[in-house]
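Below is one structure. I have some questions about it.
Bear in mind that the values in this text are calculations on the coordinates, not laboratory data. Since the structure is predicted, the reported quantities are computational estimates derived from the model, not experimental observations. Using ideal geometry, Cβ is built from the backbone for each residue, glycine included, and neighbour counts are taken over all protein chains shown.
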Amino acid sequence: MIVDNIVNCEKYYGVNDKFKKAFDFLKKAPADLAEGRHEIEGDEIYAVVQSYVTKKEEECICEGHRKYIDVQYMVSGNEFMKITDISSVKSEAIYDENKDLELFSTGEACDKIVMAPGKFAIFFPNDIHKGAIMYTIPSAIKKIIVKVRV
């Protein structure tokens, strides 16, 4: 897991050869970018724009991905997130290869972060994450998730 501000994104270009394209997209994306999927480099790198209202933690899901790294960028609003290593959780569902999605129970040893406008978080396949949690009160948020194939 990496958490930082978009102004520092160049520091992470060397982590993965596709991160520069992912961050270039995020830096140029207008605040009113439409929800849904946006192509960057076919299935190798693409973005998904989401808008929703955060909710109580017990209403949120804990998820992981095997084929993609998530680069989650907060456009507006605040969101609380929990992150843990895959070794500390149990799978709750069969892995959906088409969605690259596996649901997990949250482990006790979780890192906690607050995502605010301008911040990004990078979740690797071993980083199980639970988002959409309200920080203090429900908040309307908009985020861009760039999916980078492993």
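What percent antiparallel are the DSSP beta bridges of the chain, to the nearest 5?
In the chain, approximately 95 percent of DSSP beta bridges are antiparallel ones.
Within 10 Å of each residue's Cβ, count the other Cβ atoms and sort I94, I113 from fewest upward. Mind dumping the intermediate values first?
Working: I94 8, I113 17.
Exposure proxy ranking, most exposed first: I94, I113.
Quick one: 3J(HN,Hα) in Hz for the stretch 6-15, Karplus 6.51/-1.76/1.60 with θ = phi - 60°, rounded, Gly and Pro as x.
So the Karplus estimates, Gly and Pro as x, are 4, 5, 9, 4, 4, 4, 10, 4, x, 5 Hz.
Which whole-number percentage describes the relative contact order of the chain, with Cα contacts under 8 Å and a sequence gap of 6 or more?
Numbers: 342 pairs, mean separation 56.3, N = 150.
For the chain, the relative contact order is 38 percent.
How big is D, in µm² s⁻¹, for the chain by Stokes-Einstein at 20 °C and 1.002 mPa s if Rh is the Kirkwood radius over C-alpha pairs?
138
Still on this structure, I have one more. Evaluate the distance, in nm, between pseudo-label points positioned 7 Å from the Cα of D85 and of K67 along their respective Cα→Cβ axes.
Going from the D85 label point to the K67 one covers 2.7 nm.
Still on this structure, please answer the following. At 222 nm, what helix-only mean residue ellipticity would the chain give, in deg cm²/dmol to the nearest 500, using -39500 (n - 2.57) for each DSSP H run of four or more?
-2000 deg cm²/dmol
Ranked highest first by the average count of other Cβ atoms within 10 Å around their residues, in what order do 70-76, 115-121 fall?
70-76, 115-121
Straight distance only, please: which lysines reach the Cα of K21 with their own Cα at less than 26 Å, same-chain residues fewer than 8 apart left out?
Hits, sequence-local ones excluded: K11, K67, K99, K119, K130, K142, K143, K147.
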